[in-house]
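To keep things clear, I will list the structure first and then write my remarks on it.
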Amino acid sequence: MLNFIKSFRANESGAVTVDWVVLTAAIVGLGAAVLTSVSNGAEVMASNIDQELQTEIPTMAF
């Protein structure tokens, strides 16, 4: 029983798993932040383009 406790205490596979979970969560969070930022920027740019087209070419039907 004592050998089992010593080997369990020395085993670091759980710590590696925790490291991978934290790293994966950080990458997913960063990806979500980038996606939100790019999405908002694309919407603003599309709106600006639409406004420019409406003012420059008001007689054309789209």
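A few points about this structure:
- Base-10 log of normalised Debye intensity for the chain (one unit scatterer per alpha-carbon) at q = 0.14, 0.19 Å⁻¹: -0.67, -0.82
- The charge dipole of the chain, taken about the Cα centre with unit charges on the Cβ atoms of Lys, Arg (+1) and Asp, Glu (-1), comes to about 680 debye, rounded to the nearest 20.
- If the segment from ALA26 to THR55 were pulled out straight at 0.36 nm per residue, it would be longer than the present Cα-Cα gap by 6.1 nm.
- Considering only GLY14, GLN51, ASN40, and ranking their Cα positions along the charge dipole of the chain that arises from unit charges at the beta-carbon of Lys, Arg, Asp and Glu, the one farthest toward the positive end is GLY14.
- With a cut-off of 14 Å between beta carbons, the residues surrounding VAL44 carry a summed charge of -3, where Lys and Arg count +1 and Asp and Glu -1.
- Rounded tilt (10° steps) of 13-56 against the dominant C-alpha axis of the chain: 0 degrees
- Rounded percent of accessible protein surface that carbon and sulfur make up, the chain, 1.4 Å probe: 69 percent
- Peptide ranges 19-27, 2-10 listed from the most packed, as the mean C-beta count within 10 angstrom indicates: 19-27, 2-10
The values are calculated or read from the model by the stated rules, or taken from the named source; none is laboratory data. Note that the structure is a prediction, hence the values are computed from the model and not measured. Every residue, glycine among them, receives a Cβ derived from its backbone with ideal geometry; neighbour counts consider all protein chains shown. These accessible areas exclude ligands, DNA and RNA; they are computed on the full protein's heavy atoms, side chains included. Shrake-Rupley method; radii C 1.70, N 1.55, O 1.52, S 1.80 Å.
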